[in-house]
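Presented below is the structure to which this report refers.
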Amino acid sequence: MSERTPRIGILAVQGAVREHVAAVRDAGGEAVEVRLPRDLVGLDALVLPGGESTTMRRLIDAYGLREPIAAMARGGAPLLGTCAGMILLAERIDDGDGPVFGLLDVAVRRNGYGRQLDSFEADLDVPSLGSEPMHGVFIRAPLVTDVGPRAEVLARDPDGRPVAVRQGRVLATAFHPELTPDRRFHRLLVRLVAEESRRPA
Ligand code: GLN
């Protein structure tokens, strides 16, 4: 059976889009920038990039993207949210904002690493993606303050706090995997598409 190249959208209303486009291509996917609901047609997966989650939330609603993205997720399409994208996926946001997509059983605190640690880098342990540590770039990253039973921690920072989480086909990182050459998260997204397409209908 020949497998076609997965078509992976990158939400492009605001934020770090270009690096994800390059990362998706490196990982073997076709990258499609998404600004309007019609851009979602025919996509196999979607990346929610870093940026400013309050701005992204506003633009997602202004462009009518909330329901079609939620529908895509309900249909089983894999999602990857990085940094602000993780905030968009979380069920609980500590500062009182309601959830946007609410697809990940975690609580996050925006900019939760505090001003001293505004931006930092750390080597991360990601056992399910191999023994090699992953270099994590954190930029005003959300802090995961709680992980519920439906979500699974994929990576922790050196202090043991969760920084990558998975719930089925939904993946999220507090750091920016698109800013380093390590493509393990983007490759996992591509792999989830392949698995999804082999599931019996
Ligand atoms: N601090 C941003 C927010 O709360 C996220 C930062 C990022 O995506 N680099 O939306």
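Details
- Selection status of residue 92, open to solvent by 40 Å² or more (accessible area, probe 1.4 Å), within 12 Å of the ligand (Cβ to nearest atom) and either farther than 27 Å from residue 194 by Cα or of a type outside the set (D, E, K, R) (or both): no
- Yes/no for residue 55 being within 14 Å of the ligand (Cβ to nearest atom), farther than 27 Å from residue 199 by Cα and open to solvent by less than 50 Å² (accessible area, probe 1.4 Å): yes
- Counted residues, the stretch 163-180 - those being touching a residue at least 60 places away in the same chain (Cβ under 8 Å) and either assigned to a loop (DSSP other than H, G, I, E, B) or not polar (S, T, N, Q) (or both): 11
- Unmet requirement for residue 95, which otherwise passes all of (1) in a strand (DSSP E or B); (2) more than 22 Å from residue 190 (Cα to Cα): (1)
- Matching residues in the stretch 123-162 - criterion: being open to solvent by 10 Å² or more (accessible area, probe 1.4 Å), assigned to a strand (DSSP E or B) and farther than 30 Å from residue 72 by Cα: 123, 125, 135
- Residues of the stretch 108-128 classified as under 21 Å from residue 169 (Cβ atoms) and within 16 Å of the chain's Cα centre (by Cα), total: 2
- Annotation note: Cβ proximity below 6 Å between a residue of the stretch 124-149 that is on the phi < 0 side of the Ramachandran plot and a residue that is open to solvent by less than 30 Å² (accessible area, probe 1.4 Å) and among the basic types (Lys, Arg) (sequence gap 6+ or interchain) occurs for 129/184.
- Matching option when the condition is in a loop (DSSP other than H, G, I, E, B) and in contact (Cβ under 8 Å) with a residue 60 or more places away in the chain, among 64, 76, 85: 76
The values are calculated or read from the model by the stated rules, or taken from the named source; none is laboratory data. What you see is a predicted model, and the numbers here were worked out from it, not measured in a lab. In this analysis, Cβ positions are derived from the backbone assuming ideal geometry, glycine residues included, and neighbour counts consider all displayed protein chains. For the accessible areas, the whole protein counts, side chains as well, though only heavy atoms, and no ligand, DNA or RNA atoms are used. Shrake-Rupley method; radii C 1.70, N 1.55, O 1.52, S 1.80 Å.
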